[in-house]
Amino acid sequence: MKRELELYIHIPFCMKKCAYCDFLSGPAPRETIDRYVTALVAEIRQYQKLAENYRVTTIFFGGGTPSILSGGRMKEIFDALRDVFEIQADAEITMEANPGTVTKENLQAYRACGINRISFGLQSVDDKELKLLGRVHTMRQFEESYDLARKAGFQNINIDLISAIPGQTVESWEHTLDTVIRMNPEHISAYSLIIEEGTLFYEIYGENAKEEQDNQCEKCLADDGKQMDTGKNFPKLPDEEAERRMYELTAEKLEAAGYLQYEVSNYAKPGYACRHNKGYWQRVEYLGIGTGAASLIENERYQHISDTDLYIRANGRLDQIEEEKETLDWNAQVEETMFLGLRMKEGVNKQKFRERYHREIQEVYREVLEKLKEEGLLREEEERICLTKRGNDLSNYVLAQFLL
């Protein structure tokens, strides 16, 4: 019997690097993008033997900005995927897209390829906040792109949002939530901003920024996304109390509007939880294709090289693009099951744990479970172990307890 497999396909190109983004992505000329697609197709065709053991249940095009690809280039990729893999008839196939990068013709071509879910990176409905983040679009462009996607037949749309943006208030975040709710997408991902090393925001707000500057900086974003000396100050990050209130408000507003919080940062209408992401949290095997993509196959983790030029030159030769593999031992597998599973509202299923590891959860984690239940951070149902609301707020602490 064939096993479930998820595919992640990385498109590392975008119009411009955002101020907060540490993903493997950046702008590139059209010729480079075309050569990358050729290398991607060559890699896909190397998996003929692996594919014999699997049926693909989800595909996710991430980036970067996958919507930077033309409909024709996307069709090349899908032709190769269908030649090599058995793709389930009801597979969830997602593509990330940036507002302002989609056209009516390309959206129709993506639908013809089989893409049935689109994820728009909106982040904020406030144009000033969008400019501060370094986004290439306005709210108006997002509305136009969203409308085009609906007209092209997309009935499963996600909108990404970011809270705790510098200068953002609880009131402006509430306005973003209210506006997006009125648009009625099937899924909303609401993340709190993390200041990642290697980003422009890290230079301004990171731990190495001088305290005496009081979050002031003489670097600002020009319209082309480059830094410029303006002598003006960047706004401060919201304080912890405001950030916490934004998180609480997100849950309150979205749940009142009929969105179920099925994971720490993800909300969906009934039946629209992202199957691909749930697969990650449930440790379904996945294959990463493209530069920097990660895989989990038969409890072996590995990643591709992150140099896009080298990836293109390798032209699909796996021995040149795969980095060192790590085989996960029993302890590591169990830890991952707990770390990832407890991110979800439904928690960890005791029966599935038993079937996979031939031990009871209580056997492995008796003391930890009792301690966390006494602290009001964990609740145990008949066949599930889940975080409480307080446990969800202190999830980093809770998850650390499951290290063996």
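Of note:
- Residue match in the stretch 51-59 (condition: among the basic types (Lys, Arg) and at pLDDT 95 or above): yes
- Count - residues of the stretch 232-265 that are of a type in the set (Lys, Arg), without any contact (Cβ under 8 Å) to a residue 24 or more places away in the chain and open to solvent by less than 80 Å² (accessible area, probe 1.4 Å): 0
- Residues that are open to solvent by less than 30 Å² (accessible area, probe 1.4 Å) and either of a type outside the set (Phe, Trp, Tyr) or free of Cβ contacts under 8 Å to residues at least 40 places away in the same chain (or both), drawn from the stretch 136-152: HIS137, MET139, SER145, ALA149, ALA152
- Residue match in the stretch 30-46 (condition: of a type outside the set (D, E, K, R), surrounded by fewer than 22 Cβ atoms within 10 Å (Cβ to Cβ) and free of Cβ contacts under 8 Å to residues at least 40 places away in the same chain): no
- Note on the stretch 3-17: residues that are open to solvent by 20 Å² or more (accessible area, probe 1.4 Å) and either at pLDDT below 95 or within 18 Å of ARG313 (Cβ to Cβ) (or both) amount to 3.
- Residue within the stretch 267-277 that is under 21 Å from ARG390 (Cβ atoms), outside any helix (DSSP H, G or I), among the hydroxyl-bearing types (Ser, Thr, Tyr) and modelled with pLDDT of 95 or more present: yes
- Filtered residues of the stretch 65-92 (kept if of a type outside the set (Val, Ile, Thr) and open to solvent by 20 Å² or more (accessible area, probe 1.4 Å)): SER70, GLY72, ARG73, LYS75, GLU76, ASP79, ARG82, ASP83, GLU86, GLN88, ALA89, ASP90
- Among the residues making up the stretch 296-328, those that are out of contact with any Asp or Glu (no Cβ under 6 Å at 6 or more places or on another chain), free of Cβ contacts under 8 Å to residues at least 40 places away in the same chain and of a type in the set (S, T, N, Q) are ASN299, GLN320.
- The condition of being touching a residue at least 40 places away in the same chain (Cβ under 8 Å), under 24 Å from GLU255 (Cβ atoms) and out of contact with any Gly (no Cβ under 6 Å at 6 or more places or on another chain) does not hold for ASN396.
- All positions within the stretch 99-135 that are open to solvent by 20 Å² or more (accessible area, probe 1.4 Å), under 20 Å from GLY153 (Cβ atoms) and under 18 Å from the mean Cα position of the chain (by Cα): ASN116
The values are calculated or read from the model by the stated rules, or taken from the named source; none is laboratory data. Given the structure is predicted, the values throughout are model-derived calculations rather than measurements. We place every Cβ from the backbone using ideal geometry, glycine too, and count neighbours over all the protein chains shown. Accessible surface is based on the protein model in full, side chains and every heavy atom, while ligands, DNA and RNA are left aside. Shrake-Rupley method; radii C 1.70, N 1.55, O 1.52, S 1.80 Å.
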